[in-house]
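Below is one structure, written out as structure tokens, with a few remarks after it.
The values are calculated or read from the model by the stated rules, or taken from the named source; none is laboratory data. Computed from a predicted structure; not experimentally measured. Cβ: placed from backbone, ideal geometry, glycine included. Neighbour counts: every protein chain shown. Surface areas here come from the heavy atoms of the whole protein model, side chains and all, with no ligands, DNA or RNA. Shrake-Rupley method; radii C 1.70, N 1.55, O 1.52, S 1.80 Å.
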Amino acid sequence: FCLMSYTRNFQHIVFRTKCSELTIPEDQKRILLTFLFEYCKRARVYLRRVNAYRNHVHMLVDLPPSMPISEFVRGVKSRSSAELSHSRVFPYFNGWAVGYASFSVSYYEVEKITNYIKNQEEHHQSTSFEEEFLSLLRVNGVTEDEYVFKD
């Protein structure tokens, strides 16, 4: 019996468009999701689930232990921003807002978060992104005086 090192670093990552502009068209978002999937594949990050809705993106990833969360998010945002900015399919895309949210996810919660991300369209029929985001912050122990929306 040989002891080895094992890690799981599931992160629920959320980031929004600049000024929360509605620049991710529902009928074209598949292009963005495919790009994010390919980016993760190249970065050797396991993408469990990704979805976007009008002005924001949710990702559930399993990051390798050698990759800082900030490095991954910086890369995914900068590369996707460059891609979308040069695409005729996203003519109004103006970049991503400053910052992001990332919450660690227990293996036992992975399925729940996967389904939550999968059902974004349904969820946003009754909840705005701002309401959703503030709820995510609260549930994850971030107090109201700790967060600021920056564009």
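Details
- Other-chain or far-sequence residues with amide H under 5 Å of residue 49's (modelled H): 60
- Residue (of 117, 15, 37) at the positive-pole extreme of the chain, dipole from beta-carbon charges: 37
- The chain - percent of accessible surface contributed by carbon and sulfur, probe 1.4 Å: 51 percent
- By a 1.4 Å probe calculation restricted to protein chains, residue 31 has an accessible surface near 80 Å², given to the nearest 10.
- Inter-part distance where region 24-82 and region 98-151 are each reduced to a Cα centre, Å: 16 Å
- Karplus-derived HN-Hα couplings along region 30-36 (A = 6.51, B = -1.76, C = 1.60, θ = phi - 60°), whole Hz, x at Gly and Pro: 4, 4, 4, 4, 5, 4, 5
- Dipole magnitude for the chain: about 680 debye, using +1 per Lys or Arg Cβ and -1 per Asp or Glu Cβ, origin at the Cα centre.
- Computed accessible area, residue 118, all protein chains, 1.4 angstrom probe, square angstrom: 100 Å²
- Inter-probe distance in nm under a simple model that places probes 7 Å from Cα toward Cβ, at residue 92 and residue 104: 4.0 nm
- Per residue, region 1-127 exposes an accessible area of 59 Å² to a 1.4 Å probe, with every protein chain left in place.
- Where only alpha carbons of region 36-111 are counted, the Rg and the Dmax (Å): 13.1, 41
- Computed from point charges on the beta carbon alone (+1 for Lys and Arg, -1 for Asp and Glu), the dipole magnitude for region 34-90 about its Cα centre is near 100 Debye.
- Per-selection Rg to Rh, region 1-73 - Cα, Kirkwood hydrodynamic radius: 1.08
- Whole-Å semi-axes of region 1-143's equivalent ellipsoid (Cα gyration tensor): 25, 19, 13
- Cβ-based charge dipole, region 40-110, positive-most Cα from 97, 65, 87: 87
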